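Could you have a look at this structure, given as structure tokens, before my questions?
The values are calculated or read from the model by the stated rules, or taken from the named source; none is laboratory data. All figures in this text were calculated on a predicted structure; none of them were measured in a lab. Here the Cβ positions follow ideal geometry from the backbone for every residue, glycine too, while neighbour counts run over all protein chains shown. Only protein heavy atoms, including side chains, enter the accessible area calculation; ligands, DNA and RNA are left aside. Shrake-Rupley method; radii C 1.70, N 1.55, O 1.52, S 1.80 Å.
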Amino acid sequence: VQLAESGGGLVQAGGSLRLSCAASGLTFRTYAMGWFRQAPGKERLFVGGISAGSTITVYADSVKGRFTISRDNAKNTVSLQMNNLKPEDTAVYYCAASDAVIFTATSSPNYWGQGTQVTVSV
């Protein structure tokens, strides 16, 4: 199984980025997908998740209203649209897959990606 994130980079506060995660080696349409992030010196935190059929999305309070998760089961991809970025959003962002019905903050992923760096400058 491989989860490959892309789309990270440097952006000014208030700007936008779109992260993508391409999955292979698993039956993508049967997995809930999630995004986590880890800032330097801090623990990895849940950002949001989407159910296998895209009917349910869950977000951390810190990103609610600014970030949107979507998926394309035909292309085996999941995306994280990040708007109105803040310096505190700076972190390595990880894609993850879970065989649970829905991804939540307490979910234990079956698979992780390698991460992509997002840096938001003031």
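For residue 42, which lysines qualify as cross-link partners when the Cα separation must be under 24 Å and same-chain residues fewer than eight apart are set aside?
64, 86
Determine ³J(HN,Hα), in whole Hz, for all residues of region 33-39 in sequence, where each value follows from phi through the Karplus function 6.51 cos²θ - 1.76 cosθ + 1.60 and θ = phi - 60°; x replaces Gly and Pro.
Each residue's phi maps through the Karplus curve to give 10, x, 10, 10, 9, 9, 7 Hz.
Could you tell me how far the Cα centroid of region 1-65 sits from the Cα centroid of region 102-122, in Å?
Cα centroid of region 102-122 versus Cα centroid of region 1-65: 5 Å apart.
Accessible area per residue of the chain at 1.4 Å probe, in Å²?
Working: 6020 Å² over 122 residues.
Here the residues of the chain average 49 Å² of exposed surface.
Can you order the peptides 88-96, 7-15 by their average number of other Cβ atoms within 10 Å per residue, highest first?
My ranking of the peptides, most packed first, is 88-96, 7-15.
May I ask for the longest run of the chain untouched by trypsin sites (Lys or Arg not before Pro) that are loop-located per DSSP and have at most 12 neighbouring C-beta atoms (other than their own) within 10 Å?
76-122
Students often get this wrong: which residues of region 58-74 have the backbone nitrogen under 17 Å from the point 7 angstrom along Cα-to-C-beta of residue 18?
Counting backbone N atoms under 17 Å from the label point, the list is 66-74.
Rounding to the nearest 20 debye, state how big the charge dipole of the chain is about its Cα centre with +1 on each Lys and Arg Cβ and -1 on each Asp and Glu Cβ.
With Lys and Arg at +1 and Asp and Glu at -1, about 140 debye.
Could I ask something else about it? Using a 7 Å offset from the Cα along the Cα-to-Cβ direction at both residue 114 and residue 45, what is the distance between the two label points in nm, to one decimal?
Each label point is offset 7 Å from its Cα along the Cβ direction, giving 2.6 nm.
How many nm separate the modelled label positions at residue 29 and residue 55, each set 7 Å beyond the Cα in the direction of the Cβ?
Taking the two extended label points, one gets 1.5 nm.
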